[in-house]
Amino acid sequence: MDLLEKSRNTLELPAVLEMLAGEAVSEPAKAEALVLVPSVHRAEVERLLAETSDAKDMMVYKGSPSLSGLRDVRGSLARADMGGVLNTRELLEIAGVLQSARAVRSYGMSAEKETCIDHLFKMLQTNRFLEDKIVNSIPGEDEIADSASSELSDIRRKMRAAAARVRDSLQKIISAPSMAKFLQDPIITTRSDRYVVPVKAECKGSVPGLVHDVSASGATLFVEPMAAVKANNEIRELKAKEKAEIERILAELSAECAAHREDIDADFSALVRLDGIFARAKLSFKLNAGAPELSERGVRLRRARHPLLDKDKAVPIDVELGEDYDTLVITGPNTGGKTVTLKTIGLLTLMAECGLHIPADHGSAISVFRQVLADIGDEQSIEQSLSTFSSHTKNIVEILKVCDKDSLVLFDELCAGTDPAEGAALAISIIEFCRKCGAGVAATTHYAELKLYAMRTSGVMNASCEFNVETLQPTYRLLIGVPGKSNAFAISKRLGIDEAILEQARSFVSQND
């Protein structure tokens, strides 16, 4: 797994793509959603976001386009093109694609204003003649209609007539009073597609005919009386003709599909693409999201929410990075929302680069970064016998190797887990290295030295996750320009630590601190 992919996983982009796949209708569009890769080209990101916005606008007025019949028919078309005969299911799936193409084209062409996806609707060829021919010939997966051909209709008419004749002759046999003592039951049934009557085993010679089956108990023989043999033979011959005619019909329909393979393939590709675009629009509705502006540099988020948190409970954050300052140092207590803030910045950037709307208010803006690099979470490696500090440092080394002016770099608890004085000094050096590369940086920390560094350094801004000392609960609000406090003394006092102990502790902390 490369560094960029690892960062995307860390920022939970795959979980958002799973949500996107859930909004797609067809399996191919679902599969494409799961492997969506953020674009690094501004023009492409603009196009993708515009597609999502236009699809969302269309859904407001007309609902979703009809894509329920969209199945992957490329394999079937390829086989038909090589002369193969498709089965009824495959042909019905092709008819489903044609039906979807017709419905979606009609949906798109009835739009009241121009959109950036109009060309996809216009690309749809449609083929009502072939669609109707397949549907009318194959009413169901296990059924071929009489009307599929005049020959098939004639064969089945003769089959019905022959069946009526054989049933009439057998009815006379089972209705004769003299036959009652020989029959197990006075009924007509079938064995091996031939009409027979159930005869008592001990009366085998009393009903002349061909034995086709014996009951499990051996008490009943299923006999085809000689009077029915000719008509049964005729039915069997007609069944063989019916089978051959059905094969001919399927072959003819397959050949017609092959003749229009390129058009159907093109329709399928356009429909899958539209399915993906409308899936993005549906996810936008689901997340109560909107299209961000694209900025030249940095990130500006207004009331942004992490998309994987409950939107009714998540506390929105306002955050800026890259315009007045290129580095944000976020401090505050554990479980106060620092890591979620980092992930929100990174994940919303990646979402926008995938053409997805972001759960943030109007006025939010995203820059298109070539690399979003993240070192977040507990990376302790048991396999490699690495401590948390060592494991994080390995990640940081990889990040520093590729960091450049087109990078957004996110560090969680930078250089934690080692001697505080050395850790703080190393953290400042790492941030400065990234800044010299031209990258945008957001880092969380507990180190007081980093707060001072942010206060003293131009282009570096403090931010903190608010904490309510009265309730001992984080509010999850992000405060820009305010360094966070550990609140250790206040929290300890609320929890009952003796005032004398706290007073002595205060004496150990310098006035400057």
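The values are calculated or read from the model by the stated rules, or taken from the named source; none is laboratory data. Keep in mind it's a predicted model, so treat the numbers as computed, not measured. Neighbour counts are summed over all protein chains in view; Cβ atoms, including those assigned to glycine, are modelled from backbone coordinates with ideal geometry. The accessibility values were calculated without ligands, DNA or RNA, using every heavy atom of the protein model including side chains. Shrake-Rupley method; radii C 1.70, N 1.55, O 1.52, S 1.80 Å.
Sorted from largest down, what three extents in whole angstroms do the Cα atoms of the stretch 172-226 have along their principal axes?
The Cα atoms of the stretch 172-226 stretch 27, 22, 17 Å along their principal axes.
What is the log10 of I(q)/I(0) for the stretch 149-202, computed with the Debye formula using one identical point scatterer on each Cα and no solvent, at q = 0.15 Å⁻¹?
-0.51
Please report, in Å, the Rg and the Dmax of the stretch 45-191, where both are computed over Cα atoms only.
Values for the stretch 45-191 (Cα only, Rg and Dmax): 26.3, 90 Å.
Convert each backbone phi in the stretch 104-119 into a coupling constant with the Karplus relation 6.51 cos²θ - 1.76 cosθ + 1.60 (shift: θ = phi - 60°), then list the ³J(HN,Hα) values in order as whole Hz, x for Gly and Pro.
Values per residue, Gly and Pro as x: 6, 4, 4, 4, x, 6, 8, 5, 7, 9, 5, 10, 7, 10, 4, 4 Hz.
With Cβ to Cβ distances under 12 Å as the rule, what net charge do the other residues near L253 carry (K, R +1; D, E -1)? Before the final figure, lay out the partial values.
Values: positive: K133, R248; negative: E90, E131, D132, E247, E252, E256.
Charge balance near L253 sits at -4.
Output needed: percent of Cα pairs per 5 Å distance bin for the stretch 211-362, bins running from 0 to the one holding the longest distance.
Taking every Cα pair in the stretch 211-362, the percentages come to 2, 7, 10, 11, 8, 7, 5, 4, 4, 4, 5, 5, 5, 5, 5, 5, 4, 3, 1, 0, 0.
Please report Rg over Rh for the stretch 8-104, where both radii come from the alpha carbon positions and Rh follows the Kirkwood definition.
On the way: Rg = 17.0 Å, Rh = 16.0 Å.
Here the Rg-to-Rh quotient is 1.06.
When the expected Rg is taken as 2.2 N^0.38 Å, what fraction or multiple of it is the alpha-carbon Rg of the stretch 172-270?
Numbers: Rg = 22.8 Å, N = 99, 2.2 N^0.38 = 12.6 Å.
In units of the globular-protein estimate, the stretch 172-270 measures up at 1.81.
If you plug each phi of the stretch 50-66 into the Karplus form 6.51 cos²θ - 1.76 cosθ + 1.60 with θ = phi - 60°, what whole-Hz ³J(HN,Hα) values come out, in order, with x for Gly and Pro?
5, 4, 4, 5, 5, 5, 5, 4, 5, 5, 4, 8, 10, x, 8, x, 7
Taking amide hydrogens as modeled 1.01 Å from N in the peptide plane, which residues meet the under 5 Å criterion relative to E323, leaving out close sequence neighbours?
Answer set, sorted by chain and number: V299.
Can you give the accessible area per residue of the stretch 183-314, in Å², using a 1.4 Å probe?
Working: 6490 Å² over 132 residues.
With all protein chains present, the stretch 183-314 gives 49 Å² per residue.
I want the antiparallel fraction of DSSP beta bridges within the chain, as a percent rounded to 5. Write down the numbers at each step before the final one.
Details: 27 of 48 bridges.
Around 55 percent of the beta bridges assigned by DSSP in the chain are antiparallel ones.
For the chain, what is the relative contact order in percent, using Cα pairs closer than 8 Å and at least 6 residues apart in sequence? Walk me through the numbers before you get to the answer.
Details: 873 pairs, mean separation 85.9, N = 513.
Result for the chain is 17 percent.
Leaving out ligands, DNA and RNA, what percent of the accessible area of the chain is carbon and sulfur, probe 1.4 Å? Numbers along the way, then the final one.
Numbers: 12930 of 25230 Å².
Carbon plus sulfur share of accessible area: 51 percent.
Strictly over 25 Å apart at the Cα level, which of K311/K405; K113/K282; K172/K204 would you flag in this model?
Numbers: K311/K405 33 Å; K113/K282 20 Å; K172/K204 19 Å.
From K311/K405; K113/K282; K172/K204, over 25 Å: K311/K405.
Return the whole-Å distance between the Cα centroid of the stretch 445-460 and the Cα centroid of the stretch 98-144.
Distance between centres, Cα-based: 61 Å.
Rounded to the nearest 500, what is the 222 nm mean residue ellipticity of the chain from helices alone, with -39500 (n - 2.57) per DSSP H run of 4+ residues and division by all residues? Display every interim value, and only then the final one.
On the way: 17 runs with 257 residues, N = 513.
Mean residue ellipticity at 222 nm (helix-derived): -16500 deg cm²/dmol.
Once you have the Cα-Cα distance between N136 and R47, take 0.36 nm times their residue separation minus that, and quote the gain in nm to one decimal.
Working: separation 89, 0.36 × 89 = 32.04 nm, distance 4.10 nm.
Taking N136 through R47 to full extension adds about 27.9 nm, to one decimal.
Grab the Cα-Cα distance for D2 and L400, subtract it from 0.36 nm times how many residues apart they are, and report the gain in nm with one decimal.
Working: separation 398, 0.36 × 398 = 143.28 nm, distance 1.42 nm.
Gain on stretching D2 to L400: 141.9 nm.
Which whole-Hz couplings ³J(HN,Hα) result when phi for each residue of the stretch 409-425 is put into the Karplus expression 6.51 cos²θ - 1.76 cosθ + 1.60, θ = phi - 60°, listed in order with x for Gly and Pro?
After applying 6.51 cos²θ - 1.76 cosθ + 1.60, I find 10, 10, 10, 9, 6, 4, 6, 6, x, 9, 4, x, 5, 5, x, 5, 4 Hz.
How far is it, in nm, from the label point at K286 to the one at D193 when both lie 7 Å from their Cα along the line to the Cβ?
Spacing of the two 7 Å Cα→Cβ label points: 4.9 nm.
Can you give the log10 of the normalised intensity I(q)/I(0) at q = 0.16, 0.23, 0.27 Å⁻¹, computed with Debye over equal Cα scatterers of the stretch 220-267?
For the stretch 220-267, the Cα-only Debye profile gives -0.63, -0.84, -0.92.
With 15 Å as the cut-off, how large is the P(r) tail for the stretch 401-461, expressed as percent of Cα-Cα pairs?
46 percent
Taking the Cα-to-Cβ direction at D81 and at V229 and moving 7 Å from each Cα, how far apart do the two end points lie in nm?
5.4 nm
Assuming R0 = 30 Å, can you tell me the calculated FRET efficiency for the pair D72 and V40, based on Cβ-Cβ distance, to the nearest 0.05?
Details: r = 29 Å, r/R0 = 0.98.
So, using R0 = 30 Å, E works out to roughly 0.55.
For V211, what residues show an amide H to amide H distance below 5 Å, using hydrogens built from the backbone and excluding near sequence neighbours?
E224
Between M59 and R236, with labels modelled 7 Å along Cα→Cβ, what's the label distance in nm to one decimal, could you check?
6.0 nm
Rounded to a whole number, what is D in µm²/s for the stretch 330-372 from Stokes-Einstein with the Kirkwood radius over alpha-carbon pairs (4 °C, 1.567 mPa s)?
Values: Rh = 11.6 Å.
Translational D for this selection: 112 µm²/s.
Beyond 28 Å, what share of the Cα-Cα pairs of the chain is found? Please give it as a whole percent. Kindly include the intermediate steps, with their values, before the conclusion.
Working: 89440 of 131328 pairs.
Result: 68 percent of Cα pairs exceed 28 Å.
When every alpha-carbon pair in the stretch 51-118 is counted, what percent end up more than 19 Å apart?
46 percent
Please report, in debye to the nearest 20, how large the charge dipole of the chain is about its Cα centre when each Lys and Arg carries +1 at its beta carbon and each Asp and Glu carries -1 there.
On the way: 62 positive and 75 negative charges, 378 e Å.
Here the chain has a charge dipole of around 1820 debye.
Between A111 and E422, take the C-beta separation as r, use R0 = 60 Å, and let me know the FRET efficiency to the nearest 0.05. Before the final figure, lay out each step's value.
On the way: r = 63 Å, r/R0 = 1.05.
Given R0 = 60 Å and the Cβ-Cβ separation, E is 0.45.
If a paramagnetic tag sat 7 Å from the Cα of S206 along the Cα-Cβ line, which residues of the stretch 152-173 would have the backbone N under 17 Å from that point?
Only 173 pass the distance filter.
Looking at the chain, which longest stretch skips every one of the GluC sites (Glu not before Pro) that is in a DSSP loop with at most 12 other Cβ atoms within 10 Å, leaving the sites themselves out?
Details: sites that count: E112, E114, E141, E296, E383, E470.
In the chain, the maximal stretch lacking such sites is 142-295.
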